[in-house]
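Student: Questions regarding the structure given below will be posed in turn.
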Amino acid sequence: MDKILINKLEVFGVHGLMPVEKLSPQKFLVSCECCLDSQKAGKTDNVDYTENYHKVTDIITNTLTGTSYNLLETMAEDCALKVLTACPLLTGIKLRIEKPWIHSAKNVESFGIEIERKWHSIYVGLKADEINGQETINNALPMFNSEDTLVEKVSSVVTSENSSELVCAIKLKSLLNLDEFNIVRIGIENSFGQNEDAQKPESPEDENEIIDGEIIDSDEDNTGEYIKTEILLYDDLITSDEFINVPSPEIFEDPAYIKTISEISPYAVEPLSKKRFIDLSEI
């Protein structure tokens, strides 16, 4: 992977846990490796095909001079997030912040933190009831967009091959790790209230209710809006975690997911079978 290199950018800011560190600006040295494909820029000599390193240094400088931080870790996270979201050609960044002026340590040249962050490719499956499903999916899609996650592609909505539910697949790029994104996914799902499983009666006796001595069929009352979400793919990761199973077994249990992923990313590879989705859709 090609990289834009920035070495020991000097930035002065008021950061640190100790009260004395809040009195006046201190010097921080920032170095970073910005990952991108620079081949087209190299062959054309056209700046439009690369990211300007002055833009990167301005973002870092403005971040560290505009806010007071307690921790180097938070400084690094914010700088990485702002650089990656502002520079669309970058696929990742390794960022190092050193603190050479140390008030509480002797015989140490500097303290520092180094982090690596990159955009992850995530495919999510959405499943909703056949009556309100299209509207529910439309309402859910904007909820996946945030400062650190963007919806890139959305498939058409099709009917599940296992039920009458409606199914859709979306492709995201996200800076969140798998656990962080799973929390976001659950939050979106829960925002629509009970899912289908929660609406099912616990026993046959609960399927009907008695009002004024009459048995009332309550099936029609259990059709509230819900959405079920599933992390289908996360990069090319294969996990054995019982709580987050990636690739999701749903990919093969409901062929509608193969169909919808194949529609938006036909040449994406399913990590377990090592087959492209366009080939899986033809099986």
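Student: Kindly state, to the nearest 0.05, the FRET efficiency for residue 85 paired with residue 108, given R0 = 45 Å and r defined as their beta-carbon distance.
Tutor: With R0 = 45 Å, the Cβ-Cβ based efficiency is 0.85.
Student: Another one. At most 13 other Cβ atoms within 10 Å plus a DSSP loop assignment makes a site exposed; report the longest stretch of the chain without any exposed chymotrypsin sites (Phe, Trp or Tyr not before Pro).
Tutor: 102-242
Student: Quick one: if the Förster radius is 25 Å, what FRET efficiency do residue 237 and residue 37 give, using the C-beta to C-beta distance and rounding to 0.05?
Tutor: Working from the Cβ atoms, E equals 0.70.
Student: If R0 is 35 Å, what FRET efficiency do you get for residue 8 and residue 44 from their C-beta distance, rounded to 0.05?
Tutor: 0.70
Student: Among all the lysines, which ones have a C-alpha under 30 Å from residue 40's C-alpha, if same-chain residues fewer than 8 places away are not counted?
Tutor: Counting by Cα, and skipping residues close in sequence, residue 40 has these lysines nearby: 3, 8, 55, 82, 94, 118, 153, 171, 173, 274, 275.
Student: Okay, next question. Build a GNM of the chain with springs between Cα atoms under 10 Å: which of 261, 60, 186 gets the top mean-square fluctuation?
Tutor: The residue that fluctuates most here is 186.
Student: Give me the dipole magnitude in Debye, nearest 20, for the chain about the Cα centre, with unit charges on the beta carbon: positive for Lys and Arg, negative for Asp and Glu.
Tutor: Values: 25 positive and 53 negative charges, 616 e Å.
Around 2960 debye, computed over the chain.
Student: In nm, what is the difference between 0.36 nm times the number of residues separating residue 156 and residue 275 and their Cα-Cα distance? It would help to have the intermediate numbers written out before the result.
Tutor: Details: separation 119, 0.36 × 119 = 42.84 nm, distance 2.21 nm.
Gain in length upon complete extension: 40.6 nm.
Student: Using each residue's phi in region 7-17, evaluate 6.51 cos²θ - 1.76 cosθ + 1.60 at θ = phi - 60° and report the 3J(HN,Hα) Karplus result to the nearest Hz, with x for Gly and Pro.
Tutor: Values, residue by residue: 10, 6, 5, 8, 9, 10, x, 9, 9, x, 7 Hz.
Student: So if I average 1/r over every pair of distinct C-alpha atoms in the chain and take the inverse, what Kirkwood radius in Å does that give?
Tutor: With all distinct Cα pairs of the chain included, I get 22.3 Å.
Bear in mind that the values in this text are calculations on the coordinates, not laboratory data. Being a predicted model, the structure only gives us computed values, none of them experimental. So basically every Cβ, Gly included, is an ideal-geometry build from the backbone, and we count neighbours across all protein chains shown.
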